[in-house]
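This report concerns only the one structure given below.
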Amino acid sequence: MVKKVIALFFSILCAVSLIMIFYWKDSHFDPNLKDLLIYFICLPLLLTALGILPFIAIVQYNKYQKNKQEQLDKKQIEPAVVEQKKPIEWINLNLYSTSLQHALGENEAIFQNISGGISAQLDALLSENLQAGILSYRIEELDQALDEQQQNNAIYRINHMILNQLELNQEALIVIADQLKQSALFYDSQQAYAYKMHPKWIDPNAASEEIDTPPAKPMQRLNYLNIHIFLSKQIQSIWDESTCSEEIEMFIDNLGIISQQLRIHFHYFDSQNSYLALLDLFKHIAHQNHEVSLLVVADSEIDEQILTTKFEIQHYIPSEFSSSCCLSHESVTLDELEPIQTLQLALNESQFAQVLKELQLDDDELYEHDSPFIVVSNDVFNIKNQKILAQNFADTAIASQHFIYGSLFLGHSQDLAEIFGFMLGTHLSGENFTSVYNTKNPSAQLLLRPFSA
């Protein structure tokens with residue numbers, strides 16, 4: 001800075017001196033000592049000051065903006081002091097079943113293909129129709145199940161994926177159906193009558209038309225099966241909830257569950273609010289002591305009409321995926337189905353080390369292996385998110401090789417990527433636990449641990 005000021009001063013001094021000398025020479029002016037001081041000292045100093053003022057103003061403005069941004073980043077990285085002082089709030093849920101479907105495979109096979117370096121492939125169908133080479137994550141099995149006219153239509157593909165996820169959870173749903181029936185027979189006479197009239201539970205070989213139902217045994221009360229369907233906000237205006245609900249109800253009815261005990265919820269999210277909404281749903285499920293919830297997420301951009309609106313994004317890569325999991329409050333007991341995992345959500349804690357300490361998982365020897373066991377469900381390839389991630393896992397033995405980034409193999413289809421990242425964590429094999437983290441809620445730590453009675 002000083003060198004720049006001195007250089008500017010001497011540059012101005014030389015310029016002013018040359019101008020004044022030639023001017024005085026031409027005008028035959030005889031300067032006195034006062035003139036020399038004014039034109040060779042004061043004027044260069046004044047011009048130098050005027051020259052550096054804009055520079056100083058720019059430097060100070062940039063410094064102000066930098067300090068302001070650092071304060072904003074600090075507020076986002078570090079939750080409010082009042083919030084930090086709150087004790088950890090624990091939410092514990094039972095996880096009974098989970099399923100993943102992606103172009104890279106199903107369930108654990110996805111991780112094997114990621115390790116094998118498999119990525120997006122040239123989509124022959126989209127490239128042919130759109131006359132451009134397009135890479136995509138297309139689930140080829142869907143093409144075999146759909147008509148030719150439906151293969152490049154996202155609505156048909158999403159609808160088929162939703163029904164497929166129901167089938168993949170059928171084993172758990174059959175157990176839930178039986179317990180819903182037994183609970184109704186024991187606790188609710190009106191629902192008990194509906195079950196006695198349901199074709200699924202009528203014995204066709206009975207000698208008379210009267211239905212002889214054995215006495216219901218006392219058991220864990222179960223009132224409802226909630227099915228939550230997560231969809232991208234960009235299809236909200238064209239999605240037919242009525243038709244989809246009818247198909248779901250038909251599937252559930254075939255399992256023997258009456259409509260009075262089924263509730264279907266549709267949720268529409270974008271990349272900004274999907275994960276936060278998922279955490280809110282976990283909090284809601286934690287207050288449902290007599291209900292079971294099936295979460296289904298399905299998204300597809302394998303659609304010509306959708307892609308025609310995305311051409312402003314260079315090298316756009318569409319993808320499709322679906323996943324599901326069956327959850328309940330930890331107090332819910334299914335007599336014929338044991339949970340496979342326990343979901344533990346720690347709120348009001350922005351340091352993962354504190355969570356590990358409270359769960360007695362802070363022994364550094366537990367993390368000497370190189371296998372990934374933490375899913376980062378959102379994009380962390382910007383400085384702010386990298387800072388949040390580094391601060392969250394500070395003071396732990398967790399290293400970079402322990403992370404897997406769930407959004408990397410979903411192309412540009414990111415509206416539901418963070419929810420899929422959570423589902424991905426349910427299939428990640430950790431020796432003691434797996435974790436799902438998202439920088440949009442730094443004070444929430446989510447762990448998945450093997451179930452122990």
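Brief remarks follow.
- Using 0.36 nm per residue and subtracting the Cα-Cα separation, the extra length available between His28 and Asp240 on full extension is 66.9 nm.
- For the stretch 349-438: rounded, prolate or oblate by the Cα gyration tensor [a/c cutoff 1.5]: prolate
- Bridge orientation summary for the chain: considering DSSP beta bridges with both residues in this region, about 65 percent are antiparallel.
- Counting only DSSP beta bridges with both residues in the stretch 95-329, the antiparallel share comes to about 55 percent.
- Label zone at Ala277, where the point sits 7 Å out along the Cα-to-Cβ direction: the stretch 322-366 residues whose backbone N lies under 18 Å: 322-325
- By other beta-carbon atoms within 10 Å, ranking Thr308, Thr98 with the fewest at the front produces Thr308, Thr98.
- Kirkwood hydrodynamic radius of the stretch 2-77, from the reciprocal of the average inverse Cα-Cα distance over all distinct pairs: 15.2 Å.
- Spin-label pair Ala57-Asn107: with each label point 7 Å from Cα along the Cα-Cβ axis, the two points sit 6.8 nm from one another.
- Links that overshoot a 32 Å alpha carbon limit, given the list Lys66/Lys233; Lys86/Lys233; Lys3/Lys74; Lys3/Lys34: Lys66/Lys233; Lys86/Lys233; Lys3/Lys74
- Label positions at Gln150 and Ala7, each projected 7 Å from the Cα along the C-beta direction, are separated by 7.1 nm.
- Estimated at 0.36 nm per residue, the fully extended path between Phe266 and Ser331 surpasses their Cα-Cα distance by 20.8 nm.
- Considering only alpha-carbon pairs that sit under 8 angstrom and 6 or more positions apart, the relative contact order computed for the chain is 21 percent.
- 27 Å Cα-Cα reach of Lys196 towards lysines, excluding residues that sit fewer than 8 places from it in its own chain: Lys181, Lys217
- Listing Val2, Val436, Val16 from fewest to most neighbouring C-beta atoms within 10 Å gives Val2, Val16, Val436.
- Within the shell defined by Cβ-Cβ distances under 12 Å, the residues around Gly411 carry a net charge of -3, with Lys and Arg each +1 and Asp and Glu each -1.
- Kirkwood hydrodynamic radius (C-alpha pairs) into Stokes-Einstein, the stretch 95-329, 4 °C and 1.567 mPa s, D in µm²/s: 65 µm²/s
Any read-out appearing in this document is the output of simple, stated calculations on the displayed coordinates, not a laboratory observation. As the structure is a prediction and not an experimental result, all values here were calculated from the model. Cβ: placed from backbone, ideal geometry, glycine included. Neighbour counts: every protein chain shown.
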